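The values are calculated or read from the model by the stated rules, or taken from the named source; none is laboratory data. Being a predicted model, the structure only gives us computed values, none of them experimental. Methodologically, a virtual Cβ is constructed for each residue, glycine included, from the backbone with ideal geometry; neighbour enumeration extends over all protein chains shown. These accessible areas exclude ligands, DNA and RNA; they are computed on the full protein's heavy atoms, side chains included. Shrake-Rupley method; radii C 1.70, N 1.55, O 1.52, S 1.80 Å.
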Amino acid sequence: MEETLERWQSRRAFILAVTGAAVGLGNIWRFPYMTGENGGSVFLLLYIVFVLLLGLPMMMAEILIGRAGRRSPMQALAYLAEEAGRSPHWRWLGLFGAVTVFFILSFYSVVSGWSIEYLVDSINGGFVARSPQEIGASFETFLADPLRMTFNHTLFMLITMSVVAGGIANGIEKLNNIMMPLLYVILIVLGGYATTTSGFGEAMAWLFTPDLSAISWQVVLNAMGHAFFTLAVGACALMAYGAYMPEEQSLLRAVFSVALLDIGVALLSGIAIFSVVFSHGLDPGEGPGLMFVTLPIAFSELPGGQIWLGAFFLLLLVATWTSSINLAEPMVAMLVGAGWRRGRASLLIGALVWGVGLLSVLSFSTLAEVHWIGEMNFFTLVTTVPTDLFLPIGGLLIAIFAAWRMSPEAASAALGASGRGFGLWRALVRYVSIPLTLIVLLSGLL
Ligand code: PHE
């Protein structure tokens, strides 16, 4: 297969695209509830450590493979393996990534659908003058209604796949340019509001006072999985974006700003959400519903709350949209690389993901008690195993390929760093990121 000629139109476009992929449900929805379920400050601390020691260097590894291969993930791996005289089986890593993003996208779309529902509700004034109990109860009612959820899930899949079908640079670039900065503004306003609530002090103490008694291998494993998830690393999805990276751009710098932004967004939403949780005596370990219950409560107390809430869900939707586009891209790119037309490939992938997503929809009603592994119903399974297990395994293999297997010349050219910079990155990946991931994976599993 030939090299792809498609390119992001500017440096900024690439950074925005990667930020768009990274910032999404992981920061605003998953980070707070995972922190709540995994002991608070310890989880936060581990997450930051993993982002810096694993996420960042592996993100560079992943993008540089895409950039050096200039093909869809599977084909890029096959090409680079052949070039360096390595086993052709490395290409299956691209397929493994596609399986991972497939399952992630299937629940991602369902949860993003919840944002659509909440966007419409807040525009209609559905949360005005409601008590926290009523707001909690209305979330339960919504979950128990598979038809409404399916409708929103369908809508979200449609908007995602139509952008993917339209090709990469045009659709995504334009969207990202306008929407991402707006999201930060709203989050900062929310954070500012949080400082005025009675739970702010408690939230800060809970998030930032290290409490090592809460630590266990399970917590460490979850934090590692989350670091991969939130940075969008380990599924070959950023690899697909790397293929469209312009020739003259520093990968190091781009990736650093993305990681900092990602941590910043997670912290802001954590502070905002936990201030509300503690102001109202809610349970931080509430699980996936946490954001959907706390934020309407917070906003219902703000002057003009409805408008803020509507704006928040709109921007969250955009953030999840840009992430879901990234989730879909490697699967579509794989088919396009095999000769499919983009439109058809998008249609097929969209339909398959949509179908599997229905299992997540039904996990809150009909299939709630159907357990797939242990106590996990489909939604719990699909929100944990692909992220906490598949992403670290994928990231590990990607790192091994980039730091040990592919030709160092190709790697350093694609990283945009030679000499000491390249040596430093490679040593970090070889002797810190890879062993650390292995240790956590093995200990977490045993
Ligand atoms: N990083 C995205 C988020 O935080 C999710 C994602 C995971 C996107 C893996 C692409 C690949 O919401």
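For this structure, a couple of remarks:
- Pairs are defined by a Cβ separation below 7 Å, a sequence spacing of at least 6 or placement on different chains, a first member in the range 2-25 that is loosely packed, with under 15 Cβ neighbours inside 10 Å, and a second member that is assigned to a loop (DSSP other than H, G, I, E, B) and modelled with pLDDT of 85 or more; the pairs so defined are Glu3/Arg70; Glu3/Arg71; Glu6/Tyr244.
- Set side by side, the residues Phe401, Phe390, Phe379, Phe364 differ, and just one is under 21 Å from the mean Cα position of the chain (by Cα), more than 14 Å from the ligand (Cβ to nearest atom) and aromatic (Phe, Trp, Tyr), which is Phe379.
- Consider the range 334-358 and keep the residues that are open to solvent by less than 10 Å² (accessible area, probe 1.4 Å) and either closer than 20 Å to Leu238 by Cβ or among the aliphatic types (A, V, I, L, M) (or both). The one that is nearest to the chain's Cα centre (by Cα) is Val353.
- The set of residues from the range 243-273 being more than 16 Å from the ligand (Cβ to nearest atom), modelled with pLDDT of 90 or more and closer than 27 Å to Trp206 by Cβ comprises just one member, Ile271.
- Matching entry among Ile168, Ile186, Ile172 (being under 21 Å from Val293 (Cβ atoms), of a type in the set (Val, Ile, Thr), open to solvent by less than 40 Å² (accessible area, probe 1.4 Å) and at pLDDT below 85): Ile186
- Among the residues making up the range 79-92, those that are under 25 Å from Leu389 (Cβ atoms), part of a helix (DSSP H, G or I) and open to solvent by 10 Å² or more (accessible area, probe 1.4 Å) are His89, Trp90, Arg91, Trp92.
- Scope the range 285-327; condition more than 16 Å from the ligand (Cβ to nearest atom), crowded, with 22+ Cβ neighbours inside 10 Å and among the polar types (S, T, N, Q); matching residues: Thr294
- Qualifying residues in the range 214-242 (those that are away from the ligand (no atom under 15 Å from the Cβ) and in contact (Cβ under 8 Å) with a residue 40 or more places away in the chain) - the one most open to solvent (accessible area, probe 1.4 Å): Trp217
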